[in-house]
Amino acid sequence: MSNFLAIASVTAGFKEIIKNTVEENVFGAVTLPNVTTVRPNDNTHNASDARVNIYMYQGVPNPAFRNEDLATRNQKGDIISIPRTALDLYYLLSFYGDESKAEPQRLYGKVVSALHGLPIISRETISNLVKTAQINDPDNYIAGSDLAEQVEWIKISPVMLNLEELSKLWSVFFQTPYTLSVAYCCSAVFLEADLLPKPSLPAHELGYSVSSGKRPFIKKVVSKNGDHEPILHDTPVLICGEDLTSDSSVIRISDKEIAPVSVSADRIELTLSQDLNAGLHPVQVIHQFKTGDPPELRPGSESNLATLILHPEIVSNNITSVVADSDGLLSAEIRLEIEPTPDEKRKILILLNEIPGQGNLGYSFYSEIQADNGAQTLFNIKKVKPSTYLVRVQVNGVESQLEKETDPTSADYKKFKAPTLTIVV
């Protein structure tokens with residue numbers, strides 16, 4: 001890894017490589033070309049002087065390493081590893097000189113062929129630059145660089161820019177006449193944040209355990225009274241599946257963990273928690289295994305998620321304050337005792353349907369307040385025709401069940417018969 005001086009160190013290393021390349025006698029007895037690191041629109045140099053200019057115009061996250069160290073902090077926000085980022089640096093190399101003697105072209109050819117032959121900025125190059133800076137000028141901007149310690153080499157690769165992209169680069173960025181140029185990318189440069197991780201103690205003792213590795217699988221969650229019977233607050237529940245046995249199993253329903261009544265390879269029986277609300281609940285079987293010294297139960301493999309549908313049940317109902325309007329329609333207060341007791345923050349829906357044979361009217365109303373510590377739910381109904389109604393409630397999207405007539409000799413066999421609510425003055 002390297003500190004914040006890494007980017008400047010790459011520029012210095014790149015400049016050193018170009019300098020060593022053009023110092024080889026490119027023009028015979030002519031003065032050796034200069035190597036600069038200024039903006040291309042800098043006017044302090046004569047355009048006819050033989051020169052190579054290096055200018056970094058862009059830095060972007062390296063796509064291969066950008067997600068390498070996302071988890072650098074724990075849940076408390078403490079640093080567990082030093083954050084680092086990887087960058088690709090883009091450089092524009094511009095070539096100047098006497099056009100009549102093709103000096104820019106000769107510099108271009110010399111530099112491009114050299115970079116193609118050895119396309120890296122070596123650790124040795126960076127190390128020598130830093131050592132020279134530390135000896136000759138301790139205040140030099142790269143004297144404190146540690147780029148040479150980076151594990152990955154800095155690789156140099158050409159960037160293909162067409163004439164339109166080059167013209168935009170010169171006209172928009174520099175607003176100066178174009179000169180012969182080529183772009184290169186130096187990749188990847190790693191930067192470490194100036195932070196120290198919070199140390200953690202080493203493992204007290206090493207050990208291992210072996211388990212079958214079988215993951216429990218849930219096929220269905222049903223009532224013990226029958227696959228098609230509703231699950232109510234007091235209904236024994238069966239979880240059917242495969243590989244459900246272990247040293248110990250825990251059943252997770254929503255955010256609650258419930259111990260099973262009995263466990264076999266293909267089924268688990270359990271009794272629901274009394275504080276479980278009506279509605280849809282995710283169900284998961286968690287195997288626990290004994291490991292460690294002394295052996296302790298620890299979480300192991302987890303099953304797939306299944307769904308339990310817990311239906312609300314109307315235990316009792318009470319009607320108060322019935323008032324008729326001028327049209328004969330009724331308004332009333334209805335108090336229902338519902339199991340499991342609904343959450344006071346939830347709105348409950350009451351559904352009223354006339355008894356078959358008496359009419360086809362239907363009404364629905366939301367609960368308005370909770371009373372008696374949540375033991376009863378109050379509904380204010382308005383403009384209802386006097387009649388006897390089948391009554392249901394809907395909690396968290398799940399409805400209570402209606403009873404059917406089970407006597408085959410009855411004229412209403414298989415028709416809904418209860419619970420009912422008679423609303424009259």
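Residues whose amide H lies under 5 Å from that of VAL35, counting only those 5 or more places away or on a different chain, are VAL52; hydrogens are built 1.01 Å from N in the peptide plane. Whole-Hz Karplus values for region 333-340 come out as 9, 10, 10, 10, 9, 10, 10, x Hz, taken residue by residue from phi with 6.51 cos²θ - 1.76 cosθ + 1.60 and θ = phi - 60°; glycine and proline positions read x.
Under a model in which nothing but the beta-carbon of Lys, Arg (+1) and Asp, Glu (-1) is charged, region 73-150 shows a dipole of about 280 debye around its Cα centre. Residue ranges 6-12, 83-89 sort as 6-12, 83-89 when ordered by packing (mean number of other C-beta atoms within 10 Å per residue, highest first).
The H on the amide N of SER387, modeled in the peptide plane, is under 5 Å from the matching H of ILE423, each at least 5 residues off or on a different chain.
In terms of Cα atoms, the Rg and Dmax of region 223-359 work out to 21.3, 80 Å. What you get for region 31-188, charging only the Cβ of Lys and Arg (+1) and of Asp and Glu (-1), is a dipole of about 180 debye around the Cα centre. Test of understanding: given the chain, find the longest segment containing no chymotrypsin sites (Phe, Trp or Tyr not before Pro) that are in a DSSP loop and have at most 15 other Cβ atoms within 10 Å. Answer - 209-412. Derived value for the chain: Kirkwood hydrodynamic radius 30.1 Å. Basis is the mean of 1/r over every pair of different alpha-carbon atoms. Note on ARG73 and ASN128: the model spin-label points, each 7 Å out from Cα along the C-beta direction, lie 4.4 nm apart. Think of a 1.4 Å ball rolled over the protein heavy atoms: region 263-372 then has 55 Å² of accessible area per residue.
The charge dipole of region 30-99, taken about its Cα centre with unit charges on the Cβ atoms of Lys, Arg (+1), Asp and Glu (-1) only, comes to about 420 debye. Taking every DSSP helix (H) stretch of at least 4 residues in the chain, weighting each as -39,500 (n - 2.57) and dividing the sum by the residue count yields a mean residue ellipticity at 222 nm of -4000 deg cm²/dmol.
Under a 5 Å amide H cut-off, with hydrogens placed 1.01 Å from N, GLY241 pairs with LYS219, ARG267 among residues at least 5 apart or on other chains. Between the exposed loop cleavage positions of the chain, defined as GluC sites (Glu not before Pro) in a non-H, G, I, E, B DSSP state with at most 15 neighbouring beta-carbon atoms within 10 angstrom, the longest gap is 206-343.
If the elastic network links every pair of Cα atoms under 10 Å, which of GLN401, GLN376, GLN175 fluctuates the most in the Gaussian network model of the chain? Of the options given, GLN175 has the highest mean-square fluctuation. A dipole drawn for the chain from +1 and -1 charges on Cβ atoms has a positive end, and of ILE268, VAL130, THR420 the residue lying farthest that way is VAL130. Each residue of region 121-223 gets 429 Å³ once the volume of the Cα convex hull is shared out per residue.
Decide, for region 318-420, between rounded, prolate and oblate: order the square roots of the alpha carbon gyration tensor eigenvalues as a ≥ b ≥ c, take rounded if a/c falls under 1.5, and otherwise choose prolate if a/b is larger than b/c, else oblate. Verdict is oblate for region 318-420.
Within the listed set HIS311, HIS287, HIS116, the residue fluctuating most in the Gaussian network model of the chain (springs between alpha-carbon atoms under 10 angstrom) is HIS116. The apolar share of the surface of region 179-329, taken as the fraction of accessible area on carbon and sulfur atoms (1.4 Å probe, ligands and nucleic acids excluded), comes to 51 percent.
Taking every C-alpha pair closer than 8 Å and separated by at least 6 residues, the mean separation divided by the residue count of the chain gives a relative contact order of 11 percent.
The values are calculated or read from the model by the stated rules, or taken from the named source; none is laboratory data. Everything quoted here is computed from the prediction, not taken from an experiment. Cβ atoms come from the backbone with ideal geometry, glycine included; neighbour counts cover every protein chain shown. Accessible surface is based on the protein model in full, side chains and every heavy atom, while ligands, DNA and RNA are left aside. Shrake-Rupley method; radii C 1.70, N 1.55, O 1.52, S 1.80 Å.
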